[in-house]
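Participant: Next up is a structure, given as structure tokens.
We did not get these values from a lab; they are worked out from the coordinates using the rules stated. Worth saying up front: this structure is predicted, and the values here are computed from it rather than measured. Because the Cβ atoms are built from the backbone with ideal geometry, glycine has one as well, and the counts that use them run over all protein chains shown.
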Amino acid sequence: MMPFLRKIYVLFSTLCLLTLMGCEERLTPEEIESRRVYSELMNSFQFPYQLHRPDSIYELPEPLREISGLGITSTGEVGCVQDERGLIFIYDTEVREINRRIGFAKDADYEGITFVGADAFVLKNNGNIYRVTTFDTGKPSKEKYKSLLNQKNNTKGIAYEPAKNRILVTCQDGYRTNGNLVERLAIFAYDIDSNTVADSVAYHLTLDEAKLYATLAAPESYEAVFPMFFEGSRRTFPAYSSAIAVHPKTDDIYIASGSARLLFILNSDGKLVHIERLREDYYLQIEGMAFREDGTLLLASEGKKEPGVLYEFKAK
């Protein structure tokens with residue numbers, strides 16, 4: 001969008017929002033200015049992928065029917081985990097088959113994988129992180145790290161954030177603090193240098209933040225475009241996360257919600273800059289997400305009766 005037209009759009013969006021919200025609340029001049037600045041931030045972001053037109057589609061073999069995590073190794077290979085096996089699967093996209101399998105722990109519910117140098121980091125659904133050192137040397141060793149998260153939080157995604165040299169973990173069902181369940185999309189961090197999992201939230205996304213984005217992005221039709229945020233007297237966040245990845249060139253944080261068919265993008269400051277709708281007739285259940293070094297996006301959808309599928313998207 002041309003700069004002049006973008007300014008017109010930002011102004012129009014802000015005016016529409018103020019009109020729509022005029023009967024519900026009175027905004028201070030500072031709040032009006034804050035929303036104008038946020039609208040400009042949103043409109044400066046350009047989503048670089050055409051998710052309705054994958055560049056490549058791979059039908060995954062039977063062991064990866066229930067794929068639950070996806071990452072890119074330091075050598076550029078695709079590494080995966082699935083729901084029930086303590087194995088790292090290296091999938092070769094050129095020959096479209098599993099190249100090798102690397103055992104790291106007993107069979108359990110593993111929900112994500114990411115790679116840092118020669119090490120693999122695997123997430124269990126109870127919040128434990130397994131660091132599998134030199135995973136591909138034939139003699140891998142593992143260490144387990146616990147956090148304040150537990151099985152009730154249903155941790156579902158893990159990714160490496162290189163700018164801060166830490167691992168990010170998302171919770172599908174909120175998280176507990178002082179015995180109370182907080183329902184918002186929350187991301188915790190594991191510090192690689194100290195081998196510790198932080199007891200505070202690194203990034204988060206609330207229902208009010210999602211609503212604000214929706215009203216600015218679609219000022220005349222936000223309830224139709226994003227109905228999940230405005231249903232009834234909803235107070236809890238409706239989009240449970242299922243995968244997370246950090247863009248290697250922009251440091252933006254991509255969070256997929258397989259159940260809600262949404263893709264959230266936070267910038268490196270943790271600000272929501274974009275929500276992309278996923279076609280309900282196309283992606284069954286996004287469970288894995290990763291980026292290649294050149295910015296190519298990979299999405300993995302688990303299968304039910306049909307095979308799991310890996311989609312690849314080049315940046316446009």
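Participant: Kindly express, to the nearest 10 degrees and within the range 0 to 90, the angle between helix 3-21's C-alpha long axis and the longest C-alpha principal axis of the chain.
Facilitator: Value to nearest ten degrees: 70.
Participant: If you don't mind, another one. For segment 255-316 and segment 99-115, what is the separation of their Cα centres, given in Å?
Facilitator: For segment 255-316 versus segment 99-115, the Cα centre distance is 21 Å.
Participant: Next up: In debye to the nearest 20, how big a dipole does segment 101-140 give about its Cα centre with +1 on each Lys and Arg Cβ and -1 on each Asp and Glu Cβ?
Facilitator: Approximately 140 debye in magnitude.
Participant: A further question on this structure: Enumerate the aspartates and glutamates that Lys211 could reach by cross-link, defined here as Cα to Cα under 16 Å, with residues fewer than 8 away along the same chain left out.
Facilitator: Glu24, Glu25, Glu31, Glu183, Glu220, Glu223, Glu231, Glu276
Participant: Further, regarding this structure: Nearest 10 degrees, 0 to 90: what angle lies between the long axis of helix 207-217 and the longest principal axis of the chain (Cα atoms)?
Facilitator: 60 degrees
Participant: Hey, another quick one. Structure shown: which of Lys164/Lys304; Lys124/Lys316; Lys156/Lys314; Lys142/Lys271; Lys271/Lys314; Lys146/Lys271 lie over 32 Å apart, alpha-carbon to alpha-carbon?
Facilitator: Lys164/Lys304; Lys124/Lys316; Lys142/Lys271
Participant: In addition: Grab the other residues whose beta carbon is less than 10 angstrom from that of Glu287, score K and R as +1, D and E as -1, and report the net. Before the final figure, lay out each step's value.
Facilitator: Details: positive: Lys156; negative: Glu66, Asp83, Glu111, Glu302.
For residues surrounding Glu287, the net value is -3.
Participant: Peptides 103-115, 217-229: what's the order by average Cβ count within 10 Å, highest mean first?
Facilitator: Order by mean packing, descending: 103-115, 217-229.
Participant: Considering only C-alpha atoms, what is the centroid distance from segment 207-250 to segment 38-80, in Å?
Facilitator: Spelled out, the Cα-based centre of one part sits 20 Å from the other.
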